[in-house]
Amino acid sequence: MTARDYTPIYNGDRYCLMCRHVCPVERITRREATSPHGWALLIASVQRGLIAWTEEAVDTLYQCADCGLCQANCATGRPLPAAIVAARAAVVEQGAMPDSVTRLEKSLRLWGNPYGPLTADTEPNAGGAPEIGLYAGAATRVGSPRTITAAQALLRAAGRDHRLLSMGRSGVYLPYTLGLWDTARVLAEQTLDEIGRLGVREIITLSKEDAHTFQHIYPEIGVTFPGEIRVVEFSAWLDAMLAGQELRVQPHPRAGIVFHDACHTPRLLDSADAPRRVLAALTGTAPGELFWREQQASPCGAIGGFLFTQAELAARLAAARIAEAQEAGAAMLVADDPHCAAHLAAHAADLPVVNLIEMAAQQIVGEIQ
Amino acid sequence: MLEGLAGEMVLTELIDALGAAHVSTRPTDKLIYATDWSWMPQMWLDRAMPPPSPDVVVHPGSPEEIGRVLQIANSYKIPVVPWGGGSGTQGGAAPIYGGILLDLKRLDRILDINTTSLTVTAQAGVIGAVLEKALNEHHLTFPHYPASANAATVGGYLAARGSGVISTKYGKAEDLVLSIDAVLPDGTIIRTPPVPSHASGPMLMNLLIGSEGTMGVITAATLQIERPPETRVFRAVLFDDLHQALDAGREIMLARLQPAVLRLYDEGSTASLIKRVLNLDLQGAYLIMVFDGYEEIAGAQLARAMRICEERTAKDLGPETAEHWWDHRYDFYYPPHSLGLPLMYGTIETVCKFENIERLYYAKKRLIEEDFAEWQARYIAHFSHWFPWGVMVYDRFIIDSPPEDAHEALQLHNRIWTATARTALANGGMLNEHHGIGLKLGRLMREQYGTAWPALEAIKHTLDPRGIMNPGKLGFRL
C-alpha cells in the first residue's frame with residue numbers, strides 16, 4: 001500500500017494520543033513530533049501543503065523506530081507503523097530521503113548488505129534438501145557470529161539437518177523500514193531464490209525481526225512468501241525442543257538475571273513467553289523483568305535502521321533499556337535476539353549482556369551431534 | 001511573536017537555562033504543538049489554515065528549570081503555555097499567542113510510593129497509564145480512570161479537575177490529592193501543606209488545581225491510592241425512559257450505596273453509541289452499574305440498587321454487557337470509534353443538582369435539535385459522574401456536514417457552545433464539570449461567576465502581574 005492509500009490512517013491517527021505513552025522514542029525525546037500522533041500529523045500536514053519534506057521534517061519522519069508498539073497497544077489495531085514506512089517510501093520516491101539512506105541503498109544494491117563484500121548464498125547439499133534453513137542474515141554474521149555457531153550446535157544436538165541461509169545478505173526489513181522498497185523487493189526475491197534452491201521446508205530465524213519480516217513485510221511490499229514453508233524464531237524452536245525433551249539443559253542458577261524482550265516482540269503473537277521459559281529452564285528460576293515488557297516491550301535501538309540513520313537515538317534507546325535493567329536489580333541482562341544482545345552489550349559498560357542462544361548452547365546436556 | 005534581536009536573546013537565555021537539547025524552534029515541533037485535543041485548532045489545521053504556533057518549545061527537567069523559564073518569560077513579557085499530555089478538549093494548551101510552550105513530560109519520575117498511608121508522590125509529567133502500571137506492580141491503584149489515562153499527565157489531571165469512570169465512589173482528581181508542588185508565575189517554587197483536611201487557613205493548592213496553567217505550574221503531587229478491590233460486581237439494566245432511569249440513579253446516590261460506576265446512556269446514545277461500539281441493539285435508557293470492594297458488601301450494595309431500579313420498571317440485562325463495557329470502556333476513544341474530523345462536535349458537559357437535571361437536559365437537547373436543525377445537529381448524552389447532590393451530564397452535539405469554510409465553521413461552533421453554555425447556566429448548571437474551560441469557554445466565565453469574578457481576577461493579577469501564564473484561557477483578561 002502507498003502513502004496515498006494510508007491517508008485515512010494519517011487523518012484518523014493525527015490527533016489520537018492513546019498509544020503515545022508506549023512509544024519508546026517519545027519517551028526518550030519527549031517531543032510530540034516524535035510520537036505516533038506527531039508522525040501522523042506531520043504526514044497529514046505535508047499532504048495538506050502546510051509543511052514540506054525539508055531535511056528537518058524528513059529527519060523527524062525517520063525517527064520512528066518502526067517497533068510496532070503503537071499498533072500492538074491500539075484497541076482498534078491501527079496500522080500506523082506501516083503507514084509511516086509508506087510515507088518514507090514516498091519520500092524516497094521524491095528523492096528527499098536522508099543522505100544516510102542514500103548511502104545505505106548504494107551498499108545494499110552493490111553488496112546486498114551495508115558491510116561490504118560477503119559470500120552471498122549457501123549452495124545446496126549434494127545429498128538433498130536439508131530439513132531446516134537457519135536464517136542468519138548479514139547483520140548476525142558480522143555482528144554476532146558466535147550466536148550462529150551456538151544455534152548450529154543446538155540444532156545438531158537436536159539432530160536437525162540444517163543449512164545456513166542468507167549469510168551475506170541483509171534482511172528485507174532494513175530497506176523496507178527505510179522506504180527503500182525496490183531494494184527490499186530485490187533482496188526478497190534473492191532470498192526466495194536461495195530458499196527455493198535449498199529446498200528447505202522450515203526456516204528458523206535467529207532474530208524476531210526476520211520472523212516478522214517473512215510473516216508481515218513480504219506481503220506489505222507485494223512479495224509472496226511460500227505458504228508451505230513454516231517460519232519460527234529460534235527461542236520458540238528451542239522452547240519446543242526443551243518441552244519435548246528433544247534437548248536437555250543443565251540448569252545453572254544465577255542471581256540477578258533480567259530479561260530483555262527482543263525488538264518486534266509485540267508484533268509476534270505469544271512470542272514473549274517462549275524465551276522466558278527457556279531462561280527459566282537454564283537458570284532454574286523466572287527472570288527479573290524490565291518495566292516495559294512483553295506486549296509493551298521497548299526496542300533497544302537495534303531496530304528501524306537506527307544503527308545507520310539515527311545512531312544517537314539508537315544509543316539512547318540502549319541506555320534506557322540498560323537503566324531499566326539496573327533499576328530492576330540486574331547483575332546480567334539476557335536477550336534472545338543477536339542484534340539486541342550485540343547492541344546492548346556495546347552500550348553496557350558495567351552490565352554483562354548475554355545472548356540466550358549462546359547461554360543455552362553452553363548448558364546442553366548430552367553429546368552434540 | 002518572538003522575532004529579531006529580542007527573540008535571539010530569549011533563545012540565548014532559554015538555552016543557557018535548559019541546555020540546547022531541551023529548547024526547540026524546529027518547524028516540526030511548532031507544527032505539532034499547535035494543536036491539543038480540542039476541535040478548534042484541529043479543524044483549523046485540517047482546513048490547511050496556518051495554526052497559531054509556539055515560538056519555542058522547551059522541555060524543562062526540574063522545578064528549578066521551570067522557575068528560570070518563568071523568570072525569563074517575565075523579563076521579556078512572553079506568554080508561557082504549560083503542556084501536560086495535550087489531551088484537553090477545550091483548547092487549554094493551544095498556544096494562541098505564540099510564546100514559550102512548556103512541555104512538562106520530562107518531569108516523569110515517581111518519587112515515592114507509601115504503603116502505610118497509601119499515597120504516591122509523582123512528578124507532574126507522569127502519564128496516567130504509566131503511573132497506574134507502576135502502582136499495579138506493587139498491587140496498588142490510583143482510582144482515577146479517565147478515558148484520557150493513556151494521554152493525560154498527573155499535572156493535567158489536577159490542572160483541569162478531571163473525572164474518571166469510578167469518580168462516583170472515589171472522587172474526582174481534585175478529591176484525591178493531598179498536596180502539590182508548584183512554581184508560581186514569578187518563578188517561586190512552593191510546596192503546599194502535607195494534608196488537605198485541616199483548619200490552618202484556606203486551601204492554597206486549590207488556587208492551582210483547576211487553574212489550567214493560568215496561576216502557575218504544578219510540578220508534583222501527592223495522591224491518594226488504593227489497594228485493588230477484592231471484587232467488582234457488574235449489572236446492566238434497561239429503562240423504558242430516561243426519567244425513571246435518572247430517578248433510580250438519584251435514589252441510589254441518596255441512599256449512599258456508593259456505586260463505583262453509574263453510567264446512564266440516554267435513548268439516543270443507547271441507540272447509536274452502544275450499538276456501534278458495544279454491538280448491543282437496545283431501545284431505551286441503558287444503565288451500567290459497578291460496585292466494588294469486599295464481595296459481601298459490594299453484593300449487598302448491588303442488590304439494593306437493583307431493587308431501586310426494579311421499582312422503577314427496569315429490565316435486568318445481567319452482568320455480561322456491563323462487564324463487556326468495562327473491558328472496552330476506552331475503545332470509544334480510539335479511531336475510528338472516536339469522534340473526529342471532518343465532523344463538527346463538542347462535548348458540552350455540565351453538572352447540576354438533581355432537581356435541575358431533567359429540565360437542563362431537555363433544554364439543551366431541544367436547543368441543539370431545534371435551533372441548529374438546519375445543520376442537522378444531533379444530540380447524545382450520558383450521565384456518568386454522580387454526587388450525593390446531583391449529577392453531571394456528558395452531552396455532545398455532532399454535525400456530520402459542517403461548513404467547509406474554516407471561519408464559518410468556527411463561528412457556528414462557537415454559537416452552539418455559547419447557546420448551550422447559557423442554557424446550562426440558566427438551568428442551574430455549570431459551564432463545565434471535568435473538561436475545563438480553556439479557550440473554548442473563557443468568554444463565559446464572567447457570566448458563571450457574576451459578582452465573584454473580579455475577586456478571581458484580582459487573585460490572578462496578584463500572582464501573575466505580567467500576565468504571562470497561559471493568556472487567553474479561563475477568561476482572564478490580557
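Worth a mention:
- Working from the Cα coordinates of region A:19-159, the gyration tensor eigenvalues give, after taking √(5λ), semi-axes of 38, 21, 14 Å in decreasing order.
- Theoretical FRET efficiency, 1/(1+(r/R0)^6), r = Cβ-Cβ of B:Thr451 and A:Asp270, R0 45 Å, to 0.05: 0.10
- Along the axis of the charge dipole computed for region B:287-425 (Cβ charges of +1 for Lys and Arg, -1 for Asp and Glu, origin at the Cα centre), the listed residues B:Ser401, B:Met289, B:Thr418 are led at the positive end by B:Thr418.
- Values of log10 I(q)/I(0), in the order q = 0.14, 0.18, 0.21, 0.24 Å⁻¹, for region B:126-235 under a Debye, Cα-only, solvent-free model: -0.57, -0.91, -1.17, -1.41
- Helix A:36-47 axis, angle to chain A major axis (alpha carbon atoms, nearest 10°): 40
- Order of A:Thr285, B:Thr219, A:Thr205 - criterion: other Cβ atoms within 10 Å of each residue's Cβ, fewest first: A:Thr285, B:Thr219, A:Thr205
- A crude spin-label estimate for the pair B:Asp186 and B:Thr115, with each label 7 Å from Cα along the Cβ direction, gives 4.4 nm.
- Stokes-Einstein D for region B:65-122, Kirkwood Rh over Cα pairs, 4 °C, 1.567 mPa s (µm²/s): 95
- Rounded to the nearest 500, the helix-only mean residue ellipticity at 222 nm of the protein assembly as shown stands at -11000 deg cm²/dmol, with each DSSP H run of n ≥ 4 adding -39,500 (n - 2.57).
- To the nearest ten degrees, helix B:354-366 and the longest principal axis of the Cα atoms of chain B are 80 degrees apart.
- Panel values: region A:322-365, Kirkwood radius from alpha carbon pairs, Stokes-Einstein at 37 °C and 0.692 mPa s, translational diffusion coefficient 305 µm²/s.
- Under-5 Å amide H pairs with B:Ile348, H placed in peptide plane, nonlocal only: B:Asp395, B:Arg396, B:Phe397
- Restricting the calculation to Cα atoms, chain B yields a radius of gyration followed by a Dmax of 22.5, 73 Å.
- Rounded to the nearest 0.05, the FRET efficiency derived from the C-beta distance between A:Glu327 and B:Asp316 at R0 = 30 Å is 0.05.
- Convex hull of Cα atoms in region B:276-348, direction-averaged projection (nm²): 6.8
- Per DSSP, loop GluC sites (Glu not before Pro) in region B:102-196 with at most 15 further Cβ within 10 Å: B:Glu137
- In degrees, nearest ten, helix A:234-243 long axis to first principal axis of chain A (Cα): 40
- Dipole magnitude for region B:1-134: about 220 debye, using +1 per Lys or Arg Cβ and -1 per Asp or Glu Cβ, origin at the Cα centre.
- Share of Cα-Cα pairs in region A:115-212 lying beyond 23 Å, as whole percent: 21
- Estimated dipole of the protein assembly as shown in Debye, rounded to 20 [Cβ of Lys and Arg +1, of Asp and Glu -1, Cα centre]: 840
- Förster radius 41 Å - calculated FRET efficiency between B:Phe387 and B:His139, Cβ distance, rounded to 0.05: 0.85
- Note, ³J(HN,Hα) from phi for region B:128-143, Karplus 6.51, -1.76, 1.60, rounded to Hz, x at Gly and Pro: x, 5, 6, 4, 5, 4, 5, 5, 4, 5, 9, 6, 9, 8, 9, x
- Taking the square roots of 5 times each eigenvalue of the Cα gyration tensor of the protein assembly as shown, largest first, gives ellipsoid semi-axes of 49, 32, 27 Å.
- Among the trypsin sites (Lys or Arg not before Pro) found in region B:201-256, those both in a DSSP coil and sparsely packed, with 14 or fewer other Cβ atoms within 10 Å of their Cβ, are B:Arg256.
- Pairwise centroid distance, computed over Cα atoms, of region B:3-71 with region A:33-81, Å: 20
- All Cα pairs of region A:58-124, percent lying beyond 19 Å: 51
- Cα-centred dipole magnitude for chain A, charges only on beta-carbon of K, R (+1) and D, E (-1), debye, nearest 20: 260
- Selection of chymotrypsin sites (Phe, Trp or Tyr not before Pro), region B:344-441, meeting DSSP coil and at most 13 other Cβ within 10 Å: B:Trp389
- Separation of region B:297-366 from region A:232-304 is 43 Å, based on Cα centroids.
- Averaging 1/r over each pair of different alpha-carbon atoms in chain A and inverting the result gives 20.9 Å, the Kirkwood hydrodynamic radius.
- For region B:351-478: rounded, prolate or oblate by the Cα gyration tensor [a/c cutoff 1.5]: oblate
- Set B:Lys315/B:Lys365; B:Lys105/B:Lys364; B:Lys133/B:Lys353; B:Lys133/B:Lys364; B:Lys133/B:Lys440; B:Lys172/B:Lys460 screened for pairs whose C-alpha atoms are more than 28 Å apart: B:Lys105/B:Lys364; B:Lys133/B:Lys353; B:Lys133/B:Lys364; B:Lys133/B:Lys440
Read-outs: derived from the displayed coordinates by stated rules, not from any lab. Keep in mind that this is a model prediction, so the values were computed, not measured. Virtual Cβ from ideal backbone geometry, glycine too; neighbours counted across all protein chains shown.
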